[in-house]
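The values are calculated or read from the model by the stated rules, or taken from the named source; none is laboratory data. It should be emphasised that the depicted structure is a prediction, and the values quoted were computed from it without experimental measurement. Methodologically, a virtual Cβ is constructed for each residue, glycine included, from the backbone with ideal geometry; neighbour enumeration extends over all protein chains shown. Accessible surface areas use protein heavy atoms only, side chains included; no ligands, DNA or RNA. Shrake-Rupley method; radii C 1.70, N 1.55, O 1.52, S 1.80 Å.
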Amino acid sequence: MTGGCACGRVRFTANIENFDAYLCHCRMCQRATGSVSIAFKGVKLTDVEWAGEPDWYESSPIAERPYCARCGTSLGFRFKRDSENMDLTVASFDDPSRFVPKHHFGAESIHRAWLNTEGLKEIRTDEHQKLVDKWVEATGSFPG
Ligand SMILES: [Zn+2]
């Protein structure tokens, strides 16, 4: 499966054995992504091919994270040594829709209020008229 950053400079192809994924809630991932949790897909290092090398942020003495220095997209996580695996951020895949969360990691830092959001009011982007108007004014259409 293919994926990449928001601006397209960094692209990857990953061999996916299944669609099992997980949510990481650890403070380091929260800090590195600016999110309350981050959806990751674990893959073998040898199953990932980069087209347009990512930049690497050394997020701790034991780990580093691929990202795009131009657009800022968080692309994953890997240990600096002694691991054959790494994580790719689920939403950086071109089609994240088939991945399914199978467990939580970093459970000590879970923000419980954000876990079960089922039942909250749902608003589609194309229902937000101000947003649609801005797109149409700037580009002539709404990317939807
Ligand atoms: Zn980018």
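The table below gives the values:
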item	result
When residues of the stretch 60-89 are limited to those that are assigned to a strand (DSSP E or B), aliphatic (A, V, I, L, M) and over 10 Å from the mean Cα position of the chain (by Cα), the one nearest to the ligand (Cβ to nearest atom)	Met86
Selection from the stretch 26-44 of residues that are out of contact with any His (no Cβ under 6 Å at 6 or more places or on another chain) and either open to solvent by less than 60 Å² (accessible area, probe 1.4 Å) or aromatic (Phe, Trp, Tyr) (or both)	Cys26, Cys29, Gln30, Ala32, Thr33, Ser35, Ile38, Ala39, Phe40, Lys41, Gly42, Val43
The stretch 31-45 residues that are more than 19 Å from Asn18 (Cα to Cα), paired with ones that are in a strand (DSSP E or B) and at pLDDT 95 or above (beta carbon under 7 Å, 6 or more apart)	Ala32/Arg65; Ala32/Ser74; Thr33/Ser74; Ser37/Leu23; Ser37/Cys24
Matching option when the condition is in contact with a His (Cβ under 7 Å, 6 or more places away or on another chain) and of a type in the set (A, V, I, L, M), among Leu23, Leu75	Leu23
Output for the stretch 1-39, where each listed residue is farther than 23 Å from His104 by Cβ, away from the ligand (no atom under 16 Å from the Cβ) and touching a helix residue (DSSP H, G or I) at 6+ places or on another chain (Cβ under 8 Å)	Asn15
Residue within the stretch 115-137 that is under 30 Å from Glu64 (Cβ atoms) and surrounded by 12 or more Cβ atoms within 10 Å (Cβ to Cβ) present	yes
The stretch 90-113, residues that are outside any loop (DSSP other than H, G, I, E, B), open to solvent by 80 Å² or more (accessible area, probe 1.4 Å) and either within 14 Å of Cys24 (Cβ to Cβ) or among the small types (Gly, Ala, Ser) (or both)	Ala91, Ser97, Pro101, Lys102, His103, His104, Phe105, Glu108, Ala113
